[in-house]
Amino acid sequence: MNPGKTRVVIAGGGTAGWLTAYSLAKRLGTQIEITLVESDLIGTVGVGEATIPTIKSFHSLMEIDEREFMAATQATFKLGIWFDNWANIGDSYIHSFGVIGQGSWMAEFHEYWLELNAQGLGGNLEDYCLEWKAAKLGKFATHAGKTGLNYAYHLNATAYAQFLRGKSESLGVRRVEGKIATVKLSPETGNIESLELEGGTSVSGDFFVDCTGFRGLLIGEVLGVGYEDWGHWLAADRAWAVQTENTQAPPPYTRAIAHPIGWQWRIPLQHRTGNGIVYSSRFCSDDEARAVLVKNLTGPTITEPRMLKFRTGRRQQPWQRNCVALGLAAGFLEPLESTSIHLITTALVRLMRLFPFAGDCEQQAERFNTESRFEWEEVRDFIILHYKQIRRDDSPMWNHYRSMEVPHNLTHRIEIFRKNGYVWPDKVNLFRIDSWLQVMMGQGVFPERHHGAARIPGAASLQETLGQIRARVANNLAQLPDHQTFIDRYCPIPRDAA
Ligand SMILES: Cc1cc2nc3c(=O)[nH]c(=O)nc-3n(C[C@H](O)[C@H](O)[C@H](O)COP(=O)(O)OP(=O)(O)OC[C@H]3O[C@@H](n4cnc5c(N)ncnc54)[C@H](O)[C@@H]3O)c2cc1C
């Protein structure tokens with residue numbers, strides 16, 4: 001490799017490509033030189049508009065100003081996901097990003113609540129969580145109470161990539177427009193040497209980042225890294241996406257509505273709503289899925305419905321030789337819990353920590369791949385939970401999911417919760433106790449027993465403590481403005497862009 005600055009070449013300019021360009025330039029820009037190649041003809045996937053709270057920490061690491069970013073991407077705030085018709089038709093629940101109540105080192109809060117609930121005194125679990133209540137009532141402020149709210153964003157994917165591109169270019173990232181025709185490998189090492197574009201331009205580098213989307217041009221087609229298919233657990237392989245006009249003020253949550261043939265997303269931005277339906281071609285035709293989506297839209301369409309095909313799973317070794325795959329080139333878990341952008345950002349942090357300044361990268365690659373595998377499997381199991389723990393039996397698709405075998409770790413989780421009420425966070429600390437709890441209970445798994453520690457304080461003391469938590473949540477909730485009111489004063493779309 002170059003003894004001076006390491007030459008990094010990023011193939012692809014979607015969300016993954018520009019996030020990579022910006023963060024590497026921002027944090028390693030004095031040590032590396034970055035070129036990004038993208039093709040206007042191929043374009044980007046153009047979806048990926050809901051996020052989870054980790055994006056906030058990533059933005060703060062990368063010094064992205066929240067108000068500037070939100071105004072530029074027509075973003076709204078997200079306090080969780082509102083699920084309709086998942087366990088049973090007509091049911092709904094929220095997976096909020098908040099912490100529910102306050103437990104002890106021995107037992108979680110929900111176990112104390114279950115104890116009081118058994119005596120008919122616990123109230124609703126949501127009364128102990130500000131984010132949950134605020135989502136339901138359409139309220140929001142970035143700061144509330146002592147700790148503030150835990151939130152994420154809904155953003156315009158195309159505008160987000162443009163926003164990051166502007167920032168990257170101002171940090172010196174070179175953008176080359178053109179279609180990659182071939183990739184040149186070193187005959188001695190098998191490493192990538194350069195990207196050869198149609199028209200004859202050659203872009204050479206020391207280290208390559210494959211952000212070419214589902215195709216995985218460098219990692220899959222050129223370096224031959226295989227794809228681990230998870231279609232037996234996550235059968236969805238297609239989506240229709242369409243944008244509609246807003247018909248109401250944007251709520252601070254994503255909506256995930258289950259239908260007999262798949263599930264529909266509704267992602268509210270300041271100026272429009274992103275909609276889509278996710279389905280499996282094994283259980284439903286494209287025409288049928290399109291019709292279900294169109295029938296369930298709430299506003300006039302702005303775009304024509306567009307179909308996207310995908311394969312759930314992950315790249316076996318996302319880092320191979322001198323190339324790492326990020327974004328859709330590294331895999332896709334389907335959008336149910338909006339985890340893709342998160343997986344890009346954690347992979348970027350991992351890459352920066354393991355960055356191969358010295359040239360040789362075999363050991364770093366092994367470590368990167370091991371950590372990625374852990375992370376993806378944990379996220380995968382959380383998503384499978386939603387499908388597995390379904391009660392509806394109104395279609396072949398739901399019958400398939402209800403009766404499928406799932407990874408042992410997940411079965412163990414569900415069973416220990418069902419019998420004892422015990423929950424623990426995932427290994428990578430992404431979905432914490434409250435996430436597992438809300439989804440399991442939302443989908444109808446209710447514990448038969450709970451920890452005996454919940455009986456130790458006695459009913460009167462428990463009632464008093466829980467009453468105080470409820471009062472605190474209610475008090476903080478009362479201070480919150482409507483989501484729209486907060487957006488209007490905090491991060492409105494500039495007049496000329498609206
Ligand atoms: C239906 C659906 C819904 C989703 N919803 C969410 C969500 O709510 N939240 C979330 O976090 N994620 C979501 N995702 C995932 C999210 O869209 C992606 O993680 C994100 O957009 C990153 O995509 P990308 O940059 O990897 O790929 P792309 O956007 O496909 O970009 C690929 C880039 O590579 C370039 N390229 C490809 N081939 C060549 C070539 N030969 N020469 C030159 N350039 C080339 C293209 O021009 C483009 O710039 C969703 C995905 C799908 C399919």
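The values are calculated or read from the model by the stated rules, or taken from the named source; none is laboratory data. This structure is a prediction, so every number in the text was calculated from the model and none was measured. Because the Cβ atoms are built from the backbone with ideal geometry, glycine has one as well, and the counts that use them run over all protein chains shown. Remember, those area values only see protein heavy atoms, side chains included, never the ligands or the DNA or RNA. Shrake-Rupley method; radii C 1.70, N 1.55, O 1.52, S 1.80 Å.
Here's the yes/no breakdown for (1) aromatic (F, W, Y); (2) farther than 17 Å from G213 by Cβ; (3) surrounded by 18 or more Cβ atoms within 10 Å (Cβ to Cβ):
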{"site": "Q320", "(1), (2), (3)": "no, yes, yes"}
{"site": "S340", "(1), (2), (3)": "no, no, yes"}
{"site": "M352", "(1), (2), (3)": "no, yes, no"}
{"site": "Q363", "(1), (2), (3)": "no, yes, no"}
{"site": "E366", "(1), (2), (3)": "no, yes, no"}
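Would you be able to tell me the number of residues in the range 326-341 that are at positive phi and within 6 Å of the ligand (Cβ to nearest atom)?
2
Can we say E63 is open to solvent by 10 Å² or more (accessible area, probe 1.4 Å) and away from the ligand (no atom under 16 Å from the Cβ)?
Taking the combined requirement at face value, the residue satisfies it.
Count, please, the residues in the range 151-180 that happen to be of a type in the set (G, A, S), in a loop (DSSP other than H, G, I, E, B) and open to solvent by 20 Å² or more (accessible area, probe 1.4 Å).
Count: 1.
Would you mind stating whether S435 is in a helix (DSSP H, G or I), without any contact (Cβ under 8 Å) to a residue 40 or more places away in the chain and either within 28 Å of E337 (Cα to Cα) or not acidic (D, E) (or both)?
Against the criterion (in a helix (DSSP H, G or I), without any contact (Cβ under 8 Å) to a residue 40 or more places away in the chain and either within 28 Å of E337 (Cα to Cα) or not acidic (D, E) (or both)), S435 does not qualify.
Against the condition open to solvent by 20 Å² or more (accessible area, probe 1.4 Å), in contact with a Gly (Cβ under 8 Å, 6 or more places away or on another chain) and closer than 20 Å to G442 by Cα, how does R391 come out, does it pass?
Criteria met by R391.
For I344, only one of the following conditions fails: (1) assigned to a loop (DSSP other than H, G, I, E, B); (2) within 15 Å of the ligand (Cβ to nearest atom). What is its number?
Going through the list (1) assigned to a loop (DSSP other than H, G, I, E, B); (2) within 15 Å of the ligand (Cβ to nearest atom), I344 breaks only (1).
Quick one: I52 ticks every box in (1) within 16 Å of the ligand (Cβ to nearest atom); (2) open to solvent by 40 Å² or more (accessible area, probe 1.4 Å) except a single one, so which number is it?
Result: I52 passes all but (2).
Here are the criteria: (1) part of a loop (DSSP other than H, G, I, E, B); (2) more than 30 Å from A453 (Cα to Cα). Tell me which single one V183 does not satisfy.
(1)
Give the residue, chosen from R472, R489, R449, that is open to solvent by 60 Å² or more (accessible area, probe 1.4 Å) and touching a residue at least 60 places away in the same chain (Cβ under 8 Å).
R472
Within the range 413-434, which residues are among the charged types (D, E, K, R) and open to solvent by less than 70 Å² (accessible area, probe 1.4 Å)?
R413, E415, R418, D426, D434
Which residues, counting only those in the range 317-333, are small (G, A, S) and assigned to a helix (DSSP H, G or I)?
Correct list: G327, A329, A330.
Could you tell me which numbered condition F382 fails, if it satisfies all but one of (1) open to solvent by less than 10 Å² (accessible area, probe 1.4 Å); (2) over 21 Å from E228 (Cβ atoms); (3) at pLDDT 95 or above?
F382 satisfies every listed condition except (2).
Inspect all residues belonging to the range 11-22 and state whether any of them is polar (S, T, N, Q), in contact with a Leu (Cβ under 9 Å, 6 or more places away or on another chain) and farther than 19 Å from R174 by Cα.
no
I need the full set of residues from the range 194-215 which are within 31 Å of the chain's Cα centre (by Cα), near the ligand (Cβ under 10 Å from one of its atoms) and either open to solvent by 60 Å² or more (accessible area, probe 1.4 Å) or of a type in the set (V, I, T) (or both), in order please.
Hits for the range 194-215 are T212, F214, R215.
Quick one: would you say E111 is acidic (D, E), assigned to a loop (DSSP other than H, G, I, E, B), over 27 Å from A241 (Cα atoms) and more than 15 Å from the ligand (Cβ to nearest atom)?
no
Residues are listed down the side, and each one gets a yes or a no for (1) part of a helix (DSSP H, G or I); (2) open to solvent by 20 Å² or more (accessible area, probe 1.4 Å); (3) touching a Pro at 6+ places or on another chain (Cβ under 7 Å); (4) more than 16 Å from the ligand (Cβ to nearest atom):
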site: G4; (1), (2), (3), (4): no, yes, no, yes
site: G13; (1), (2), (3), (4): no, no, no, no
site: A21; (1), (2), (3), (4): yes, no, no, no
site: R27; (1), (2), (3), (4): yes, yes, no, yes
site: L41; (1), (2), (3), (4): no, yes, no, no
site: W86; (1), (2), (3), (4): no, no, no, yes
site: I100; (1), (2), (3), (4): no, no, no, yes
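Test of understanding: among R238, R306, R272, which residue is out of contact with any Ser or Thr (no Cβ under 8 Å at 6 or more places or on another chain) and of a type in the set (D, E, K, R)?
Just one listed residue meets the conditions, R306.
Out of all the residues in the range 29-39, which are out of contact with any helix residue (DSSP H, G or I) (no Cβ under 7 Å at 6 or more places or on another chain), within 15 Å of the ligand (Cβ to nearest atom) and open to solvent by 10 Å² or more (accessible area, probe 1.4 Å)?
Selection gives T35, S39.
Working only within the range 394-405, note down all residues that are open to solvent by less than 20 Å² (accessible area, probe 1.4 Å) and under 20 Å from F446 (Cα atoms).
Y401
Looking at G148, is it open to solvent by 20 Å² or more (accessible area, probe 1.4 Å), at pLDDT below 95 and among the small types (G, A, S)?
No: the conditions fail for G148.
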